[in-house]
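Encoded as structure tokens, the structure appears first; notes follow it.
The values are calculated or read from the model by the stated rules, or taken from the named source; none is laboratory data. In this text, all values refer to a predicted model and were calculated from it rather than measured experimentally. Cβ atoms come from the backbone with ideal geometry, glycine included; neighbour counts cover every protein chain shown. Accessible surface is based on the protein model in full, side chains and every heavy atom, while ligands, DNA and RNA are left aside. Shrake-Rupley method; radii C 1.70, N 1.55, O 1.52, S 1.80 Å.
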Amino acid sequence: MRVTRNNRLYQFTFMMPNFFPVSCYFVEEEDELTLIDAALPHSLKGIMKTAAQIGKPITRIVLTHAHNDHLGALDGLKSKLPDSKVYISERDAKLLKGDATLEPQEHQTPIKGRVPKPGKFMTKPDVLLNDGDRIRSLTAVSSPGHTPGSMSFHDTRSGALLAGDAFQTQGGLAVSGRMKLLFPFPAMATWSKETSVSSARKLLELKPTLLAVGHGAMLEHPQQAVAHAIAEAEKALHDSAGK
Ligand SMILES: [Zn+2]
């Protein structure tokens, strides 16, 4: 495990086999910590130890989306922190329960990636999030595409954006769904590329000062690179539509 700090944000990076990095984050508030995503089952120990070192309690576990590599330590954390509240988007709460059916108004293409099987997780969310909801310093921003209910979180103090898998930085910055040969896994796990691109545009409008994602290093001053990645993803969509 590696912990990288940027101001009030702590990035945990855990390595899966095949150099597959998985990150989760602490967002530090005055008197408590919000955990963004729950990484892998073995991440529990490092998360708890780091909270003890910082000396603040983890009071919230906020999930960007319901893929297994973002949920691994969820049950372990909840049993160690029974008073913590678990947040996920209303839409991906259905996926967390193991129901991968689509809603009628959604892009009718199968949900991809490692989605929990029914009964895999005991933990039930306490709060179902919708676009614009506040969680202390964070604003929830609905950013579907990777999954139908993917959420990003914008820190209103610093402008940092925790985007889950809406973007990746491992293997080069890319919008979710855009294949990077050095790290193709998030693209392979993306539900709707078209929806991802519209969400990426919406996220860029927030003018993030830092981009923090599920797979790859944090990126400071990301706006220009994000605009470039969006243009690249749009071009790929047009090219494939023209074929
Ligand atoms: Zn994912």
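Within the range 71-81, is even one residue in a loop (DSSP other than H, G, I, E, B) and either without any contact (Cβ under 8 Å) to a residue 12 or more places away in the chain or on the phi > 0 side of the Ramachandran plot (or both)? Looking through the range 71-81, none of the residues is in a loop (DSSP other than H, G, I, E, B) and either without any contact (Cβ under 8 Å) to a residue 12 or more places away in the chain or on the phi > 0 side of the Ramachandran plot (or both). Total residues in the range 91-115 satisfying the condition of being outside any loop (DSSP other than H, G, I, E, B) and of a type in the set (Asp, Glu): the figure is 1. Do we have any residue at all in the range 178-196 that's β-branched (Val, Ile, Thr), surrounded by fewer than 23 Cβ atoms within 10 Å (Cβ to Cβ) and assigned to a helix (DSSP H, G or I)? There is at least one residue in the range 178-196 that is β-branched (Val, Ile, Thr), surrounded by fewer than 23 Cβ atoms within 10 Å (Cβ to Cβ) and assigned to a helix (DSSP H, G or I).
Picking from residues in the range 3-31 that are assigned to a strand (DSSP E or B) and without any contact (Cβ under 8 Å) to a residue 12 or more places away in the chain, the one that is least open to solvent (accessible area, probe 1.4 Å) is Met15. When each of Val175, Val226 is tested for being out of contact with any Leu (no Cβ under 7 Å at 6 or more places or on another chain), more than 11 Å from the ligand (Cβ to nearest atom) and at pLDDT 95 or above, the lone residue that passes is Val175. Of all residues in the range 47-65, exactly one satisfies the criterion of being of a type outside the set (A, V, I, L, M), open to solvent by less than 20 Å² (accessible area, probe 1.4 Å) and assigned to a helix (DSSP H, G or I), namely Thr50.
Residue by residue through the range 32-67, note down the ones that are touching an Asp or Glu at 6+ places or on another chain (Cβ under 9 Å) and farther than 25 Å from Pro116 by Cβ. Result: Ile54, Lys56, Pro57. Of the set (1) modelled with pLDDT of 95 or more; (2) open to solvent by 20 Å² or more (accessible area, probe 1.4 Å); (3) under 26 Å from Leu95 (Cα atoms); (4) not in a strand (DSSP E or B), all apply to Ser158 but (3). On the phi < 0 side of the Ramachandran plot, open to solvent by less than 20 Å² (accessible area, probe 1.4 Å) and not in a loop (DSSP other than H, G, I, E, B), is that true of Leu44? It is false that Leu44 is on the phi < 0 side of the Ramachandran plot, open to solvent by less than 20 Å² (accessible area, probe 1.4 Å) and not in a loop (DSSP other than H, G, I, E, B). Taking the conditions (1) without any contact (Cβ under 8 Å) to a residue 40 or more places away in the chain; (2) among the β-branched types (Val, Ile, Thr); (3) within 16 Å of the ligand (Cβ to nearest atom) in turn, Ile61 satisfies each one other than (3). Does the range 118-127 contain any residue that is within 19 Å of the chain's Cα centre (by Cα), charged (D, E, K, R) and either assigned to a loop (DSSP other than H, G, I, E, B) or modelled with pLDDT of 95 or more (or both)? Scanning the range 118-127, I find at least one residue that is within 19 Å of the chain's Cα centre (by Cα), charged (D, E, K, R) and either assigned to a loop (DSSP other than H, G, I, E, B) or modelled with pLDDT of 95 or more (or both), so the answer is yes.
Taking Thr34, is it more than 16 Å from the ligand (Cβ to nearest atom) and either open to solvent by 60 Å² or more (accessible area, probe 1.4 Å) or not hydrophobic (A, V, I, L, M, F, W, C) (or both)? When the stated conditions are applied, Thr34 passes them. Selection of first residues in the range 180-193 that are within 19 Å of Met15 (Cβ to Cβ) and of second residues that are within 13 Å of the ligand (Cβ to nearest atom) and of a type in the set (Asp, Glu), restricted to Cβ pairs under 7 Å at least 6 apart or on distinct chains, gives the following pairs, ordered by first then second residue: Pro186/Asp165. Among the residues making up the range 220-243, those that are surrounded by 17 or more Cβ atoms within 10 Å (Cβ to Cβ) and within 22 Å of Ser23 (Cα to Cα) are Pro222, Val226, Ala229.
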